[in-house]
Amino acid sequence: MTEAVLEIAGLCKRFGALLATDNVNLELRAGEIHALIGPNGAGKTTLMQQISGVLSTDSGSIRFLGRDVSNLGVAARARLGLGRTFQISSVIPEFSALRNVMLAVQSRQGTSMRFFSSTRSDRSLIEPAMENLVRVGLADRAATAAAEMSHGERRRLEIAIALALDAKAFLLDEPMAGLGPEGTKALTNLLSELRNVAPILLVEHDMDAVFSLADCVSVLMSGRVIASGPADEIRKDATVRTAYLGGGA
Amino acid sequence: MTEIDLPHRIAWGALLLVALLAPIIVGFDPYLTHVGIIIAFNVALATTLWMIWSLGVISFAHAGFMGVGAYASALVLHKLGLSMWFGLWIGAMVCGALALFISLPLMRTRAVYFFMASWAVGEVIKRNFAYFKDFFGGWDGIFDIKPPVLDLMFVQIDFANRTAYYYLALLFVSLTVWVVYRINSSRTGMIYWAIHENELLAAHTGINVFRHKVICFTIACTLVGITGALYAHYQTYISPKSFDIWKSEFALVHLIVGGLTTVGGPVAGAISLTIVDEVLRASGYFRTIFFGVVLIASVLLLPGGLETIPRRIRAIFQRDSHK
Ligand SMILES: Nc1ncnc2c1ncn2[C@@H]1O[C@H](COP(=O)(O)OP(=O)(O)OP(=O)(O)O)[C@@H](O)[C@H]1O
Ligand SMILES: [Mg+2]
């Protein structure tokens, strides 16, 4: 078994009386897609936010690339290579697609040497940004403002940003939401290629997509992992079925 | 050079040329030269305020920091006997150090809280000038702040001469605008605008939001500190009232009328509104009312500000060419 890129142990998050995540243990290994499923309000987004650092953690630990990142801020975790997309689209709408990716490229490279020179003719910034747009199939949309892109295009743009950040793990929160059948199919193909770049922790309600992509599946319910294992085992698991029927999803 | 670049360069070049020839054009008229100097100060104030705006906030402490530069340079002259050539840089450094110190808590606040906190900072700065009477001269202010003399071996330039001071002010305002422009079009500027649009997203791309905010604020305040020193040695008199909230608010109006998305906005806004203000000066009591009318009219008739005029003209031409 390959070593874990991301290791979560005993993670808890409390909102008042509600335990949104309750003693969650989870591993993301190199080359795999690990799906996180569960009914609405199960705590999936909360868990993703704890991992990316948006939400603080009450107890438990998050290890990334062998390092405890529990006490690092969002930006520091992003610089280490925790790339994420939000449940709600997360690009800067006023920026063009290219500029959105350029921002991520410069974040990798740093500003130090180019504090004063214009970005518009900076090839060391534009070229890698363009490459990543090509990788997600958005080359011809480079100059378009993100606000004017379709929902599916924005999701691709987010992935281009994560690629530009040289992400060592992708955290994707419902990337298929709001996409039509075609968009879902195209994104499924993209994600299956992406797994070779870095492993993916995938929150998704679309079960077809989950079971065609995921190597591993964990089922979250009321903040607790009630089942976890290889995808085909989970598919047969009776408790999962009841959970889903109960959750109404 | 891209297509958009060329007209921009021509416009900036033309503006600089007019500014350089202005004293000759007006026949060295002392009053009009004075207006030119005031325009230079206002352009520097508005442009540096705009730099802070590129982070997404407006600082009402901005005129206060201009005052810090002014008082520091005046005191360097009076207490240490050193001319403005020293006071200018000492003023800038004092201003930068204070801005760095204050921005540590200030930049932890957001939106309306930043607005209120910066307002308080501006007010506290002003009140300190007034309170420490022995040091800062209280409400009476500081008099007799001599302009500098430049000794170049063969020639001596006395900046008590208005035309000479005009060119000195023009030099510094040009440098200020250039620095702000270059930072804004660099990677750093891209980061500022990302923070402007959405702090959390900026953080998710690995940007240290807080650090960038602190640095941006410090640079902008340092630049306005230099402007303050130049202001003090030109007016030769400063008082706490010279740097109150109103001055920051006028700079904000310059931004709104000029436009908020490019550095051309504050420059255009400060130039045009300073001229309008001088034209209205004759109307005495009604000046403020007229000024208000001009502001409302420009917001209603020209949303986006003066900076949108080139784009509007281009749009008209394109429409015609499609006919
Ligand atoms: N900031 C917050 N304050 C209080 N309660 C919260 C907060 N964020 C989430 N919750 C609650 O925590 C629980 C888990 O929410 P979460 O968004 O993690 O669910 P989810 O699994 O992502 O659901 P969905 O499938 O609908 O996206 C919910 O009951 C929610 O109401
Ligand atoms: Mg969710």
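Checking A:18, A:36 one by one, the residue that is within 15 Å of ligand 1 (Cβ to nearest atom), more than 14 Å from chain B (Cβ to nearest Cβ) and over 18 Å from residue A:203 (Cα atoms) is A:18 and no other.
Of all residues in region B:20-44, exactly one satisfies the criterion of being among the hydroxyl-bearing types (Ser, Thr, Tyr) and touching a residue at least 60 places away in the same chain (Cβ under 8 Å), namely B:33.
Among the numbered conditions (1) within 11 Å of chain B (Cβ to nearest Cβ); (2) crowded, with 23+ Cβ neighbours inside 10 Å; (3) part of a loop (DSSP other than H, G, I, E, B); (4) of a type outside the set (S, T, N, Q), the only one that residue A:83 does not meet is (3). Take the conditions within 18 Å of residue A:31 (Cβ to Cβ), surrounded by fewer than 18 Cβ atoms within 10 Å (Cβ to Cβ), outside the structural domain of residue A:159 (by TED's automatic domain parsing) and at pLDDT 90 or above and apply them to residue A:218. Does it pass? Considered against the rule, which asks whether it is within 18 Å of residue A:31 (Cβ to Cβ), surrounded by fewer than 18 Cβ atoms within 10 Å (Cβ to Cβ), outside the structural domain of residue A:159 (by TED's automatic domain parsing) and at pLDDT 90 or above, residue A:218 comes out as no. Output the residue which, of all residues in region A:3-56 that are within 12 Å of ligand 2 (Cβ to nearest atom), in contact with a strand residue (DSSP E or B) (Cβ under 8 Å, 6 or more places away or on another chain) and assigned to a loop (DSSP other than H, G, I, E, B), is farthest from residue A:68 (Cα to Cα). The residue in question is A:39. Only helices (runs of 4 or more DSSP H) whose full extent lies in region B:103-217 are considered here, and the ones with at least 3 residues that are surrounded by 13 or more Cβ atoms within 10 Å (Cβ to Cβ) are B:111-131, B:162-185, B:187-197, B:199-204. Here residue B:234 meets the list (1) more than 30 Å from residue A:158 (Cα to Cα); (2) crowded, with 17+ Cβ neighbours inside 10 Å; (3) more than 17 Å from the chain's Cα centre (by Cα) almost entirely, failing just condition (3).
Only residues that are touching a residue at least 60 places away in the same chain (Cβ under 8 Å) and more than 30 Å from residue B:98 (Cα to Cα) were counted across region B:123-166, and they come to 2. Scanning region A:138-159 for residues being within 14 Å of chain B (Cβ to nearest Cβ) and over 18 Å from residue A:33 (Cα atoms) gives a total of 6. The residues in region A:180-214 that are within 16 Å of ligand 1 (Cβ to nearest atom) and not in a helix (DSSP H, G or I) can be counted, and the count is 6.
Here region B:167-187 is the region considered, the condition is being without any contact (Cβ under 8 Å) to a residue 24 or more places away in the chain and of a type in the set (A, V, I, L, M, F, W, C), and the residue that is nearest to residue B:82 (Cα to Cα) is B:171.
Selection of region B:182-197 for residues being polar (S, T, N, Q), in contact with a helix residue (DSSP H, G or I) (Cβ under 9 Å, 6 or more places away or on another chain) and within 7 Å of another protein chain (Cβ to nearest Cβ) yields B:186, B:188. Look at (1) of a type in the set (D, E, K, R); (2) in the same structural domain as residue A:104 (by TED's automatic domain parsing); (3) on the phi > 0 side of the Ramachandran plot and you find that residue A:174 fails only one, number (2). Figure legend. Inter-residue proximity from region A:155-183: first residues among the aromatic types (Phe, Trp, Tyr), second residues more than 16 Å from ligand 2 (Cβ to nearest atom) and part of a loop (DSSP other than H, G, I, E, B), beta-carbon distance below 7 Å, spacing 6+ or different chains. Indicated pairs: A:170/A:198.
The single residue among B:103, B:54, B:73, B:59 that is within 14 Å of another protein chain (Cβ to nearest Cβ) and modelled with pLDDT of 95 or more turns out to be B:54.
Exactly one residue out of A:95, A:64 is closer than 17 Å to residue A:200 by Cβ and more than 16 Å from ligand 1 (Cβ to nearest atom): that is A:64.
The values are calculated or read from the model by the stated rules, or taken from the named source; none is laboratory data. Computed from a prediction, not measured in an experiment: that's the story for all the values here. Reconstructed Cβ throughout: ideal geometry from the backbone, glycine too, with neighbour counts over all protein chains shown.
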